[in-house]
Amino acid sequence: MPEHIVAHSLRVAQVGVFISSYLKMSGEDLDIGLVEAGGLLHDITKMDSIHAGENHALSAFRLFRTLGYHEVADIVRQHVRLDQDIRHDTRISEALIVNYADKRVKHSSIVTLSERFEDLLIRYGTTPERRETIRRLHDEVTEIEFNIFKKLDIGFTGLNDLNVLEPSARVKPEDIYK
Ligand SMILES: [Fe+2]
């Protein structure tokens, strides 16, 4: 895995752990270790998949399923696009958090959804259909963001505070909001 994907994955894991710790304090039932594993591993096959012209979420899914890590497999499979039932579930799931965290991290920096999707449009919006898909995904994730943050007492831009830390630091809300 190239350095830049390692840095990106560390940051996604950090954001995911932070959000899930925060949600846990407000009473959500979440497996933080699973979020961390999903964040660290979601792009594990990305480089190979680019070369092979494969869908990297599906190739990562197959890898972890073969290894017997079914929960991680399910999370990495959904990191680009969530299954509809997970998106609409009233329970916030580990897969939803990893998916959202990935949308807040551009390279290894935490950005807003608008910044991230602008970048995705430039990099992947090569046809009108692709641009439409990216815009639809942006709408979906905006709704997810609303559903996460209505349970928390920080705004979504509050996550940007983590940018002052190294991506690998494992932080809990109480470390930031003393
Ligand atoms: Fe990815």
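Nothing in this text is a laboratory measurement; each read-out follows from the coordinates by a stated rule. Worth saying up front: this structure is predicted, and the values here are computed from it rather than measured. When we count neighbours, we look across all protein chains shown, and the Cβ atoms used for this are built from the backbone with ideal geometry, even at glycine.
Rounded to a whole number, what is D in µm²/s for segment 3-165 from Stokes-Einstein with the Kirkwood radius over alpha-carbon pairs (4 °C, 1.567 mPa s)?
D, rounded to a whole number, is 81 µm²/s.
Residue ranges 33-39, 19-25 sort as 33-39, 19-25 when ordered by packing (mean number of other C-beta atoms within 10 Å per residue, highest first).
Evaluating 6.51 cos²θ - 1.76 cosθ + 1.60 at θ = phi - 60° for every residue in segment 121-126, the Karplus couplings come out as 4, 5, 7, 10, x, 7 Hz, glycine and proline recorded as x. Sorting 113-126, 91-104 by average packing, meaning the other beta carbons within 10 Å per residue, from highest down gives 91-104, 113-126. Sequence-ordered 3J(HN,Hα) estimates for segment 26-34 from the Karplus curve with 6.51, -1.76 and 1.60 and θ = phi - 60° stand at 8, x, 6, 9, 9, 9, 5, x, 5 Hz, glycine and proline given as x. Estimated from helices alone, the mean residue ellipticity of the chain at 222 nm is -19500 deg cm²/dmol (sum of -39500 (n - 2.57) over DSSP H runs with n ≥ 4, per residue).
In this structure, the amide hydrogen of Val105, modeled 1.01 Å from its nitrogen in the peptide plane, lies closer than 5 angstrom to those of Val111, counting only residues at least 5 positions away or on a different chain.
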